[in-house]
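A quick write-up on the structure given underneath.
The values are calculated or read from the model by the stated rules, or taken from the named source; none is laboratory data. From a predicted model like this one, the values you see are computed outputs, not experimental measurements. All Cβ positions, glycine included, derive from the backbone under ideal geometry; neighbour counts span all protein chains shown. The accessibility values were calculated without ligands, DNA or RNA, using every heavy atom of the protein model including side chains. Shrake-Rupley method; radii C 1.70, N 1.55, O 1.52, S 1.80 Å.
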Amino acid sequence: MSENKKIEKIVGVKGMNDLLPTDAPLWELFENTVQSVLKSYGFQQIRTPIVEPTALFARGLGEVTDIVEKEMYSFEDAMNGDKLTLRPENTAGIVRSALEHNLTYDGPKRLWYSGPMFRHEKPQRGRYRQFHQVGAEALGFSGPDIDAELIVMCQRLWDDLGLQNIRLELNSIGDAQERNQHRAALIAYFEQNKEILDAEAQRRLYTNPLRILDTKNPAMQEMVNAAPKLMDFLGEESLSHFDGVQKILRHNSIPFTINTRLVRGMDYYNRTVFEWVTDELGSQGTVCGGGRYDALFGIFGGKPTPACGFAMGVERLLELMKASGEAHQPAQCDIYLVHQGAAAQMQSFVLGERLRDAGLDVVLHCATAAGAGSFKSQMKKADSSGAAYAVIIGDDEAAANSVSIKALRSEVMENNQISVPFDTAVDYLVDQIADAGQDDHCCDDPNHIHIHH
Ligand code: ATP
Ligand code: MG
């Protein structure tokens, strides 16, 4: 084989992104905030597989939805011929799991999940083939109170994440019978306007006419605006449920607009549906969507169980966080250990372990292909690590059983280096770092995550 033979590089799958270390602090901040907000409402985490039987989605989401028609990664397991699908969403999986494990046997459950979803879409800003959702599912609750609670919880999350300019759109799509009546009226109306319908709408006329209302085709807007409104077909129970949700939202000062065109993409929804939307992300402005799905347990052959939930798009929310914040890069560690010589290296390992025992984050300098690294180059690395202190052990220190400590950030110790006995170094550094934590206001800063008291 020739030495210069080019080896072809393998690149990642289109539309599926790597999460790089520079973005990790932002993801961590997001995930920690989500976890604490959901916990504060009594939601428990659930994790289900990313692969499910294809039938789960075909039956649960509806055969004529965007997702089932054209967005699913479905395949046959080469080992046994099972028909499988990478989950495009997680409500169907949660309900399957709840039925399989009889999760609601002792009463309703508040659940939440977080993880990757897969949809074969055209990749673009805010739209990927692997993306991440955080979702909540409240199983076994029938009243408008839980619908409102889910929405109030979202609002708290936006506040805690420092996100503004996310507005709430709300609608009720009624129950099955009301939707059927509306559907019949809608089909009749679309038939009268057949010449205005585009090809997609024609195709959906009898299979999913409701979805035509969701069209983005400007030529159809006027016709669609004048179509029969589902709201006018809602009965007393649906209306009072919807009214109940609105009352609680108003009482909690959560502004919303009623968007009678809001229908959502999945068939399983009924009554309350909602979306959180921002204008700051271009055309992919929906950051969270949800609603009630009282029929889904029944569709999967389970005992009828009312339920309500939402899913948010993590990538879109992170983009908002980036745009809205000084999301600064937190330090990689508290202390960078610089050493020179064999004896010093051994002592550095010992000191590193002791510092970690004391709760500090420590990066120990390690050799690269370029070698162990000169003192100067190690100090450069220490500086760019964001560490508060460099701890230096050279031949002299190793011989004297001491260490040199150099403050890398504080003005007071600028260019100041002090020497302390090896055995007191840990206490000295813990004290210094604890004091610094009290003096400045970094403890209020959720990005400052490196000092554990
Ligand atoms: P859209 O109308 O943007 O296609 P959707 O109705 O298909 O959204 P849902 O199934 O309700 O979306 O999923 C909930 C949220 O997940 C969306 O509001 C969005 O924030 C996010 N999301 C959906 N699809 C993608 C994707 N392909 N890439 C990134 N985020 C997505
Ligand atoms: Mg979609």
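Go through segment 223-238 and report how many residues are loosely packed, with under 12 Cβ neighbours inside 10 Å and at pLDDT 95 or above.
The first filter runs over segment 223-238 and keeps only residues loosely packed, with under 12 Cβ neighbours inside 10 Å, leaving 225-226, 232, 236.
After this cut, where a residue has to be at pLDDT 95 or above as well, the list is 236.
Residues in segment 223-238 being loosely packed, with under 12 Cβ neighbours inside 10 Å and at pLDDT 95 or above: 1 in total.
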*Could you list, in sequence order, the residues of segment 119-139 that are open to solvent by less than 30 Å² (accessible area, probe 1.4 Å) and either away from ligand 2 (no atom under 14 Å from the Cβ) or without any contact (Cβ under 8 Å) to a residue 40 or more places away in the chain (or both)?*
134, 135, 136, 137, 138, 139
*For segment 239-264, name all the residues that are closer than 20 Å to residue 67 by Cβ and either away from ligand 1 (no atom under 16 Å from the Cβ) or open to solvent by 20 Å² or more (accessible area, probe 1.4 Å) (or both).*
261, 264
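Tally up the residues in segment 301-316 that are assigned to a loop (DSSP other than H, G, I, E, B) and in contact with a helix residue (DSSP H, G or I) (Cβ under 8 Å, 6 or more places away or on another chain), please. Quick ask: steps written out before the conclusion?
Of segment 301-316, the ones assigned to a loop (DSSP other than H, G, I, E, B) are 301-306.
Adding the requirement that they be in contact with a helix residue (DSSP H, G or I) (Cβ under 8 Å, 6 or more places away or on another chain) leaves 301-305.
Result for segment 301-316: 5.
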*Of the conditions (1) open to solvent by 50 Å² or more (accessible area, probe 1.4 Å); (2) away from ligand 2 (no atom under 16 Å from the Cβ), residue 308 fails just one. Which one is it?*
(1)
*asked:* Considering only residues that are assigned to a helix (DSSP H, G or I) and charged (D, E, K, R), which ones fall in segment 194-219?
replied: 194, 195, 200, 203, 204, 211
*asked:* If the requirement is being surrounded by fewer than 16 Cβ atoms within 10 Å (Cβ to Cβ) and on the phi < 0 side of the Ramachandran plot, which of these qualifies: 93, 81, 12?
replied: 12
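Looking at the structure I just gave you, is residue 14 among the basic types (Lys, Arg), modelled with pLDDT of 95 or more and farther than 26 Å from residue 110 by Cβ? Spell out how you get there, then give the answer.
Details: among the basic types (Lys, Arg): yes; modelled with pLDDT of 95 or more: yes; farther than 26 Å from residue 110 by Cβ: yes.
Answer is yes for this residue.
Of all residues in segment 57-71, which are of a type outside the set (Lys, Arg) and either free of Cβ contacts under 8 Å to residues at least 40 places away in the same chain or more than 12 Å from ligand 1 (Cβ to nearest atom) (or both)?
At the first step, the residues of segment 57-71 found to be of a type outside the set (Lys, Arg) are 57-58, 60-69, 71.
Result: 57, 58, 60, 62, 63, 64, 68, 69.
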*asked:* With the structure loaded, tell me whether residue 336 is away from ligand 1 (no atom under 15 Å from the Cβ), at pLDDT 95 or above and of a type in the set (Phe, Trp, Tyr) or whether it fails that test.
replied: yes
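Kindly indicate which of 132, 120 is assigned to a strand (DSSP E or B) and either over 22 Å from residue 245 (Cα atoms) or more than 16 Å from ligand 1 (Cβ to nearest atom) (or both).
Values: 120 fails: assigned to a strand (DSSP E or B).
Result of the check over 132, 120: 132.
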*asked:* I'm trying to understand the selection: among the residues of segment 182-221, which are in contact with a helix residue (DSSP H, G or I) (Cβ under 7 Å, 6 or more places away or on another chain) and under 19 Å from residue 69 (Cα atoms)?
replied: 198, 201, 204, 205, 206, 209, 210, 211, 212, 213, 215
_Going residue by residue through segment 53-60, is there one that turns out to be open to solvent by 50 Å² or more (accessible area, probe 1.4 Å) and touching a strand residue (DSSP E or B) at 6+ places or on another chain (Cβ under 6 Å)?_
no
*Answer yes or no: is there a residue in segment 355-363 that is more than 25 Å from residue 21 (Cβ to Cβ), modelled with pLDDT of 95 or more, more than 21 Å from the chain's Cα centre (by Cα) and open to solvent by 70 Å² or more (accessible area, probe 1.4 Å).*
yes
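Yes or no, residue by residue, for (1) more than 16 Å from ligand 1 (Cβ to nearest atom); (2) open to solvent by 10 Å² or more (accessible area, probe 1.4 Å):
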residue: 271; (1), (2): yes, yes
residue: 292; (1), (2): no, no
residue: 313; (1), (2): no, yes
residue: 316; (1), (2): no, yes
residue: 320; (1), (2): no, no
residue: 323; (1), (2): no, yes
residue: 332; (1), (2): yes, yes
residue: 353; (1), (2): yes, yes
